[in-house]
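Everything on this sheet refers to the single structure shown next.
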Amino acid sequence: MPQGFVLYGQFSVRQNLNFVAGIYGLGFRERRRRVREALGFVELWGHRRKAAANVSGGMQRRLQLAATIVRRARGEPRSDPQAPLLGGVPNFERGRPHALRHDPVRR
């Protein structure tokens, strides 16, 4: 992931993800579902209306991660080279399995 922020700072967090999902040709309903899932997964749902330039650097990195999640279909292979060794679970999920089970957005 790049050190510098590569999305649009003047857009809100949610608008950035909608833009990325639109580039990949997702329809309105699918785009809305995936944006919601991705924001919940990276714990940015509460910041969705803030301008991307006005959130912290860590939140900007999570927004960039969400942009990659929003375009990936469920079940699509992960690009993590350790995925076969770790059962296909990406690094971000390893430390919080309890949060994934109880996350209302991912249902």
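The values are calculated or read from the model by the stated rules, or taken from the named source; none is laboratory data. Remember, it's a predicted structure, so these values are computed and weren't measured experimentally. Neighbour counts run over all protein chains shown; Cβ positions are idealised from the backbone, glycine included.
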Q) Within the set of pairs 6 or more residues apart or between chains, which connect a residue that is under 19 Å from ALA51 (Cα atoms) inside the stretch 1-30 to a residue that is assigned to a loop (DSSP other than H, G, I, E, B) and modelled with pLDDT under 90 with Cβ atoms less than 6 Å apart? A) ASN16/LEU7; ASN16/TYR8
Q. Can you pull out the residues in the stretch 31-62 that are under 18 Å from TYR8 (Cβ atoms), of a type in the set (D, E, K, R) and not in a helix (DSSP H, G or I)?
A. ARG48, ARG49, LYS50
Q: Only residues that are in contact (Cβ under 8 Å) with a residue 60 or more places away in the chain and under 17 Å from LEU26 (Cβ atoms): list them for the stretch 42-72, please.
A: ALA67
Q) Within the stretch 17-43, restricting attention to residues that are more than 20 Å from ARG62 (Cβ to Cβ) and at pLDDT 90 or above, which residue is surrounded by the fewest Cβ atoms within 10 Å (Cβ to Cβ)? A) ARG29
(Q) Against the conditions (1) over 13 Å from the mean Cα position of the chain (by Cα); (2) at pLDDT below 85, where does PHE92 fall short? Just the number, please. (A) (1)
